[in-house]
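Data first, discussion second: the structure below is written as structure tokens.
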Amino acid sequence: MISNRRSPLTPLAQESLETLANALPSDGELTYEQAYATLKDREELEQPAAEDIIERLYMRGHIYEVEGKLRLTDHRPE
């Protein structure tokens, strides 16, 4: 049987997701550059690490892309 639950995130990925959620502008979208800069400023992640975290969040369905911008899916703190 397949579970509808997402697999748990690592603590760093969860913190990064919270950071991105808190940085969302009113339109609810971030450019990749904004997301990388936010993770660098607030989580001290350089771009390769930020890219990895964003990819993990994308692959696990926590974020998605629309016309080159990132949006969070129904984000709720875990």
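Residues whose amide H falls under 5 Å from that of L70, counting only those 5 or more places apart or on a different chain, are L30, T31, Y32, with hydrogens built in the peptide plane. (i) 1.07; (ii) 0.95; (iii) 1.21: which one is Rg/Rh (Cα atoms, Kirkwood Rh) as calculated from this entry? So the calculated entry is the one marked (ii). Rounded to the nearest 20, the Cβ-based charge dipole of the chain about its Cα centre (Lys and Arg +1, Asp and Glu -1) stands at 400 debye. The modelled label-to-label distance between E18 and D74, using points 7 Å beyond Cα along the C-beta direction, is 2.2 nm. Can you give the local net charge around I53? Use residues other than it whose beta-carbon is closer than 10 angstrom to its beta-carbon, Lys and Arg +1, Asp and Glu -1. Within the 10 Å Cβ shell, the charges total -4.
Every number in this text was worked out from the coordinates using simple rules, so none of it is lab data. None of the values given here were measured: they were computed from a predicted structure. With ideal geometry, Cβ positions are generated from the backbone for all residues, glycine too; neighbour counts draw on all protein chains shown.
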